[in-house]
1. For B:Leu63, what accessible area in Å² do you get when you roll a 1.4 Å probe over the heavy atoms of the protein chains, rounding to the nearest 10?
2. Per-residue ellipticity at 222 nm for the protein assembly as shown, helices alone: DSSP H runs ≥ 4 residues times -39500 (n - 2.57), over residue total, nearest 500 deg cm²/dmol?
3. Quick one: work out the % antiparallel among DSSP beta bridges in the protein assembly as shown, nearest 5.
4. Just tell me which aspartates and glutamates come within less than 12 Å, Cα to Cα, of A:Lys227; anything on the same chain fewer than 8 places away is out.
5. Counting partner chain Cβ atoms within 10 Å of every residue's Cβ in A:412-425, what's the average?
6. Where Lys and Arg each count +1 and Asp and Glu each count -1, what net charge lies around B:Pro482 among other residues with Cβ under 13 Å from its Cβ?
7. Any idea of B:Ser481's accessible area? Nearest 10 Å², probe 1.4 Å.
8. I'd like the distance between the alpha-carbon centres of region B:338-370 and region A:84-128, rounded to an integer number of Å.
Amino acid sequence: MSIISSRGYLHLKGIKESKHLTSDKEVLEISNEAIAKIYIPEVGPNAVPLTLNVKVGDEVKVGSVIGIRTDFNIPVYCSVSGKIIAEEMLFHAVAGRPVKHFVIENDFKDEKIKALEPLGEDASAEEIVEQIRKAGIVGLGGAGFPTYIKYRGVKDIDTVILNGVECEPFLTTDYKEMQEKRELLLKGATILGRISNAKEVIIAFKADKVDVMAKLNEIIADYPLVKIKTVKDAYPMGWERTLIKELTSREYDRLPSEAHVIVNNVQTTIEVARAVLYGEIMTHKVVTVSGDGVTKQSNVRVPIGTKVSSIVEFLGGYTDENVALLLGGPMTSKGQMNDGVVILPNCNGITILKHRAIKSLPCLRCGACVEHCPAGIQPVEIKIAVESKNIDRIASLNAMSCVECGLCSYICPSKIDVTEFVKKGKLQLRLQEQKKLAQQKAAEAKK
Amino acid sequence: MKFSMSPAPFLRRKRTTLAIMLELTIALALVWLASIIYYFTIGTNHGLQAILIGVVSTVTMMLVEFLFYLPKCIKDGKEAVSKNSELNCFKETMKAMGYKLSHSFGWVSGLILALLLPVGTPLYVVVVSAIIAILVGKLLFGGFGYNIFNPAIVGRIFAQLCFGTSLAYGVEESVSDFTIFTGATVTSQLSNNNWMTTGLDIDLWKLLLGNYQGTLGETFTLLILVIGVVLAIRKVIDWKVPVFYVGTLYLASLLAGFCGGYGLGSFEYALIQISIGGIMFGAVFCLTDPVTNPTSPSGKVIFAVGAALFTFVIRYFASAPEGVAYSILLMNMLTPLIDRCIKGFTTKKLLPKWGVIGGIMLASMVLGVSSGFVNHGAYDAEYRRQNEFSSVVEKVEDNVYHVEVEQGEKGRVWSKIEMKVTLDMNNRTVTKIEVLSYGGNGGFGDALLTGGEIEFSDDFAYFGDKNKALAFYDKYIKLDSPLSFDEYLTIYGKENSIGNWSSEAKGVIRVGATYTTMGFIYGVCEVINYAGGAQ
């Protein structure tokens, strides 16, 4: 680190307190009435439509394929058994607009279809990758990127990093799952290390999680490939680029594979182990429900497709008339318009905060946003360029490299929504790109 | 149920711009307080003046802001009433005004400007420069956050350019024991001496503690340093700016010292150079104003070393000893350019960035070296010119001698004293001294030699201490009763150059017309020697 470059991260004050709201409590099982109806969207986690396999009126079981994602060719499974009774337009957290959901009436019989066969010890790497695809596993850290893609035709990888940093305030699901499923985690780690031919697999989490450290250390001797490394409590330490730089001192341009690294979430790793070793698919998800806007803060295990409103009701409802409802942590998630959204595999938390009006002042030009930007760009300069509609300047400031971690808005003493300005800048760049493409096409058509 | 749709992140750091500005205000208030206390120790009227300057400057700025924002706030007030008719229009207007004023931070500029002015500044000058500072320096650019120049510095330079004489002569006779510099600032004195500190008996501790006269705030070097460290730790100011600024100046001065022939004394010399002329005050309170700084870390460092270069150039090679203010304005002007030039990632291309920073620093170093050599030569010449005395003694009658003392190089007489001295060889006393002629420019020295017959003109009041001068006259010239030879001889010592006079002797002769008293003592001692009275 040089004194004239960005520091790249920041310890968030009060993050420990926010995590303590849920980290020491038992994971609750959701009540039956809250999951009497389950809603499965007819689009994938990234809002691309599914090729549907079922229709209204069908009986479904745990493990029935609802549809296949057209973009990555992976199945979406049903998480309960029962009957599809209707289709309903519900808000989709990722798509940001209402989409059709299947409404499944839960019969609580929990009948299962064996979707996958467990693989033997001698399964080849290709077979394992295929198994991961068939299990429909997506990145559970938040992005929802299909896991098998990262390992298909993999080469030149020497390190796999399993990300349990969970740098967002409030969220504790990674922590809970690491505590509870340490063996699956280590087995999954070994599998991922094997199929990527990596020299080592690093499980990374924050240094203050001493109990996880102790629990893993008890049995880690059986898994020679796996190592544990801790990182400091800073935001956004869980972002791939920051984490890779912190652990391996390597930097890359576009993809982690350029630095010979693959990064996966720890919960994804656990799901990989379950799918490969036991042929089980993911049906339930632990979500952290926290913040001062909900009566009772806790981690809850829910079937995928549970409505957020019923989870909140299960935990005693809202504490205020005006709240911000966020799927994910408070740093990156946008406010949901209503609580009719459902839990998807890549959602690991519901943060509910009382509404606080924020009044912003003119920019002080203090440069705190520049000094802390993990992407190493200059948010305040991009803001000025966006305000003056100077697209060339926005491009020259590398606005596209922004990961929208929200640190610049967080740190701004004038309470300016800096991140929003950078997002606007990115949008303008994209529009310009599209315009150029359209012009090129028109020019070609003329010829 | 209402769901908030404001953009992420939903957590914000507790620290606000208002809090940062309040901390800065406290820091400035501390410096102001130190200044008030110091001036009260000099005289109640000075203390009151120090308070008044601060109050007038701040109140003026707030008032101008009030008037400037009044139309807008009245409009806001009316709007609020039109939405909710139960509200009181006046109350709403005042509420809008309160928010506007408390988030425009006019008082910060007000305090800084006050601390940049000398205690003798007439209040109308304070008012006019405060108006220019806030109106031209800030409001016309769009108010807080949009100003290009540091408002307080704009006001200060306006005062300097338009009311320069009232600033310099406004400081009336002073009771400080820091005699040689009383009234005139240390900086201008040093500037007159080609920035060489030998022969000028500066007490470093006094410089650091700040109990000498300058502008209200700039003299308390040590206090400002401590406050600066606290502010930097509390992240109110960015440490990079003052550290690189003062650091560059220190290194350049160090080189100037070495090349000026100070040897190991260069470290002290450089320390003196950065302790004077508001460098510390400028570095901590003016240069760090984030609104007028570049936003990127590398930009800030370039800004700081650039300001150091300009300070060095202006201070040592141009005619304005207080180069700090000008250098800050110049760099403020270049801030948009610096911002413009720093594109892309802050984490990349570090080497070229360090190259630019190093280049600017190197330029300062080169200037430091050359200024050392240039000033050394110039000072040598000046030193010889002023410090060489020669005398012609004639015996007029028994025990009465006529002596003519000349000060200056051979063939270039700088000043002349002619007197008749009567000795009592038996008792080894001087019984009578008659000053026949003196410099004749009507200055402080003439007034001294005539015991106030030529009046201590107000024009020269800033040179020295009238009471001390009269005390010197009473003891050594008037001679109500005969004075022993030894009284003169001990002052004189062995060498006829002030650089080698003992510090005790310096204490006696330094009353505001050093070369006059020195020449006088020299003359008397030459007579004693001539008559064989020295043993």
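1. Its heavy atoms expose roughly 100 Å² to the probe.
2. Working: 33 runs with 443 residues, N = 982.
It comes out at -14500 deg cm²/dmol, rounded to the nearest 500.
3. Details: 65 of 89 bridges.
Just about 75 percent of them are antiparallel.
4. The reachable aspartates and glutamates, counting only those whose Cα sits under 12 Å from A:Lys227, are A:Glu200.
5. Working: counts 5, 12, 7, 4, 1, 4, 0, 3, 3, 0, 0, 2, 0, 0.
Partner Cβ neighbours, averaged per residue: 3.
6. Details: positive: B:Arg428, B:Lys432, B:Lys475, B:Lys478; negative: B:Asp424, B:Asp480, B:Asp486, B:Glu487.
Summing Lys and Arg as +1 and Asp and Glu as -1 gives 0.
7. About 70 Å², ignoring ligands and nucleic acids.
8. For region B:338-370 versus region A:84-128, the Cα centre distance is 58 Å.
The values are calculated or read from the model by the stated rules, or taken from the named source; none is laboratory data. All values derive from a computational prediction rather than experimental measurement. FYI the Cβ positions are ideal-geometry reconstructions off the backbone, even for glycines, and counts take in every protein chain you see. Quick note on the areas: whole protein, heavy atoms, side chains included, nothing else; ligands and nucleic acids left out. Shrake-Rupley method; radii C 1.70, N 1.55, O 1.52, S 1.80 Å.
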